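Note sheet for the following structure.
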Amino acid sequence: MTRQETARTPAQFDMFVDADGASPLRSAADLRVNRGSNVRMDEAEMVAHLTATGRYRILRKLEPREVATVIRTEFPLMGIILDTETTGLNPRKDEIIEIGVIAFTFNEKGAIGDVTGIYGGLQQPSGPIPGEITRVTGITSEMVAGEVIDIVALRSLIDPADLIIAHNAGFDRPFCEAFSPAFSSKAWACSNAEIDWSSRGFEGTKLGYLIGQAGYFHDGHRAVDDCFALLEVLDRKAQADDLTPFAELYRASQRSRVRIFAENSPFDFKDHLKARGYRWSDGSEGRPKSWWIEVDEPDLEDELRYLRAEIYQYPEADLPTKFLTAFDRFRA
């Protein structure tokens, strides 16, 4: 390629041009307001200018909240946002290699107050960290060599907590309870399963989706970073008069739930049960080997009527049920 041809060849980014041939990509320093060619925009003006065109969506870097030096008394309850990284998916044989915790205050209406404490720690497992775990988490065996989670520091945040929140509590709670009994007597809530994200305009429930659609980006896959990211999403309102996602989650955690086991249900109706939201239990952990579902306690009788009329076709069918509160839910 000749030097002249090289000069005519667009760079990779210049291939995205407007209809008039002008590239829409400009450095921040080149942006101008209609105030004279030598007057540059500050950051806020650049964001406002790009947003106003309707052609750009701006993501802000999520800045972690500071630990408060003065704790406001109007937020008397204590919450914990928790995230773990582990060597695998099975809490019976896999181990926690990182835990991140943020403690914060809130009130009975679900309004978040102050961040009161932060803990993040690594722990060396009994064997090498699998390669696939390193690829997902970025944590290597070398990083955790000789590391031990400070259980005293961790318990100083966990013990006073009224509610522990994880974005996948069904995963995190069994690992945490296997790690320390401090987690066993606590109420747990799941920000993935117990918030109606779709009604809030979110297209997915993974933390990365929630963060992006909330207008932020962050350094993911480290436990404390993910905790701060979740805190911001939980405290975000779409409209001034909306409940925050955290307020919705706190209300959900206070409701009694009932787990219904469709034991010995006819095989031919398995697709009907699955379509209605039932999940399969393989009989481990002392549960019946059957399809099961969780419903709010006021919906129990309606669900039993459905099973008796549509699935068992026997009005006297006696189905196992288990009543659950936030203290029981998400256990292994």
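The values are calculated or read from the model by the stated rules, or taken from the named source; none is laboratory data. Worth saying up front: this structure is predicted, and the values here are computed from it rather than measured. Neighbour counts run over all protein chains shown; Cβ positions are idealised from the backbone, glycine included. Surface accessibility is based on the protein's heavy atoms, side chains included, excluding ligands, DNA and RNA. Shrake-Rupley method; radii C 1.70, N 1.55, O 1.52, S 1.80 Å.
Below is a table of values for the structure above.
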item: Gain upon complete extension [Asp150, Asp162; 0.36 nm per residue less C-alpha separation]; result: 2.2 nm
item: Lysines with Cα under 28 Å of Lys237, excluding same-chain neighbours fewer than 8 positions away; result: Lys61, Lys109, Lys186, Lys206
item: Dipole magnitude (debye, nearest 20) for the chain, charges at Cβ of Lys, Arg, Asp, Glu; result: 520 debye
item: Cα gyration tensor of the chain - equivalent ellipsoid semi-axes, whole Å, descending; result: 44, 27, 24
item: Candidates per GluC sites (Glu not before Pro) in region 165-203, loop by DSSP, up to 16 other Cβ within 10 Å; result: Glu203
item: Cα pair distances exceeding 23 angstrom across region 187-320, given as percent; result: 49 percent
item: Label zone at Arg57 (point 7 Å along Cα-to-Cβ), backbone N below 18 Å, region 236-268; result: 236-239
item: Inter-label distance for Glu310 and Ser126, nm, one decimal - labels placed 7 Å from Cα along Cα-to-Cβ; result: 4.6 nm
item: Cα long-axis angle, helix 43-52 against the chain (0 to 90 degrees, to the nearest 10); result: 80 degrees
item: Cα-based helix-to-principal-axis angle, 223-234 vs the chain, degrees rounded to 10; result: 90 degrees
item: In order through region 82-89: 3J(HN,Hα) via Karplus (6.51 cos²θ - 1.76 cosθ + 1.60), integer Hz, x for Gly, Pro; result: 10, 9, 10, 10, 9, 7, x, 9
item: Accessible surface of Ser265 - all protein chains present, 1.4 Å probe, nearest 10 Å²; result: 30 Å²
item: Normalised contact order of the chain, rounded percent, pairs of Cα under 8 Å and 6 or more residues apart; result: 15 percent
item: Heavy-atom accessible surface of the chain: percent carbon and sulfur, 1.4 Å; result: 50 percent
item: Between region 123-182 and region 197-221, the Cα center-to-center distance that results, in Å; result: 23 Å
item: Overall Cα dimensions of region 183-242, principal axis frame, Å, largest first; result: 36, 26, 20
item: Peptide ranges 305-312, 274-281 listed from the most packed, as the mean C-beta count within 10 angstrom indicates; result: 305-312, 274-281
item: Label-to-label distance, nm, for residues given as His49 and Asn107 (7 Å Cα→Cβ offset); result: 4.2 nm
item: Degrees separating the helix 169-179 axis from the principal Cα axis of the chain, which is the longest one; result: 70 degrees
